[in-house]
Ligand SMILES: [Zn+2]
């Protein structure tokens, strides 16, 4: 296993809609994402996603969604 990497960037200007906790821009390794109901894929470790400090909910906007889309497509290896 590779070393666990976690980098916190800035406090996001909103709170978690799930639990009201603080949301931070967080980049870390070892995340997976199941996007649009497809099978899970690895989220790029360098990608900062607004993540709730309390419940780990991830708040993905259009820009992040497009990056995830590309990562998903790359890992699918062109199936589809
Ligand atoms: Zn939360």
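Do you know which residues across segment 1-17 are within 16 Å of residue 61 (Cα to Cα), in a loop (DSSP other than H, G, I, E, B) and in contact with a strand residue (DSSP E or B) (Cβ under 8 Å, 6 or more places away or on another chain)?
16
Being modelled with pLDDT of 85 or more, more than 16 Å from the ligand (Cβ to nearest atom) and over 12 Å from the mean Cα position of the chain (by Cα), is that true of even one residue in segment 26-46?
No, because not a single residue in segment 26-46 is modelled with pLDDT of 85 or more, more than 16 Å from the ligand (Cβ to nearest atom) and over 12 Å from the mean Cα position of the chain (by Cα).
The values are calculated or read from the model by the stated rules, or taken from the named source; none is laboratory data. What you are looking at is a predicted structure, and each value in this text was computed from that prediction instead of being measured. Don't worry about glycine lacking a Cβ; one is built from the backbone with ideal geometry, like all the others, and counts go over all protein chains shown.
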